[in-house]
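Read through the structure below, which is laid out as structure tokens, and then see the notes.
Readers should treat all values here as calculations from the given coordinates under stated rules, not as data from a laboratory. In this text the structure is predicted, and so the values were computed from the model without any measurement. Methodologically, a virtual Cβ is constructed for each residue, glycine included, from the backbone with ideal geometry; neighbour enumeration extends over all protein chains shown.
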Amino acid sequence: MATDRRRSLAAGTLVLALAAAGVALAGCDTIFPKRSEGEKLWRQRCSQCHGIAGDGNTPQYMGNYAADLTDDSWQHGSDPGSWAVTIREGVFGNMPANPDLSRQQVAALVDYLRQLRGEKPRSTGG
């Protein structure tokens, strides 16, 4: 009988814990804001070399001015159209190509890069 009570108590505790976790995650956007598609792609594909902030401040590329995308010194075009081409085609020997990204994903990355640079993303009318 005591064993049944303990199991019932443990099950009830588990249900309450799961319910509390569900409530906490439901409000997760206030603690952990939703990331844009561009930011998610940036973190997955670009930040290892260019850094979370786009400044090239990573152990592998620190001091490599080409990894800093927040300045105005660009080797492969400083306009958003050139960025899209570079994202898609890569830079031989320096940056992998991303031919698997859709046009919308490339545009999302370009918009996020503009945001990192303090510019208005195209999607907001800038």
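With θ set to phi - 60°, apply the Karplus curve 6.51 cos²θ - 1.76 cosθ + 1.60 along the range 113-120 and write out the HN-Hα couplings as whole Hz, x wherever there is a Gly or Pro.
Coupling constants for the range 113-120: 4, 4, 4, 4, 7, x, 9, 7 Hz.
Go through the range 63-70 residue by residue and turn each phi into a ³J(HN,Hα) via Karplus (6.51, -1.76, 1.60, θ = phi - 60°); whole Hz please, and just put x for glycine and proline.
After applying 6.51 cos²θ - 1.76 cosθ + 1.60, I find x, 8, 4, 5, 7, 7, 9, 8 Hz.
Work out how far the C-alpha atoms of the range 75-126 reach from end to end along every principal axis, then list the three figures in whole Å, largest first.
Per principal axis, max minus min of the Cα coordinates gives 33, 24, 15 Å.
So how do 53-64, 79-90, 94-105 stack up, highest first, on mean other-Cβ count within 10 Å?
Packing order, densest peptide first, comes out as 79-90, 53-64, 94-105.
Could you tell me whether the range 37-124 comes out rounded, prolate or oblate from its Cα gyration tensor? Rule is a ≥ b ≥ c as square roots of the eigenvalues, rounded for a/c under 1.5, then prolate if a/b exceeds b/c, otherwise oblate.
rounded
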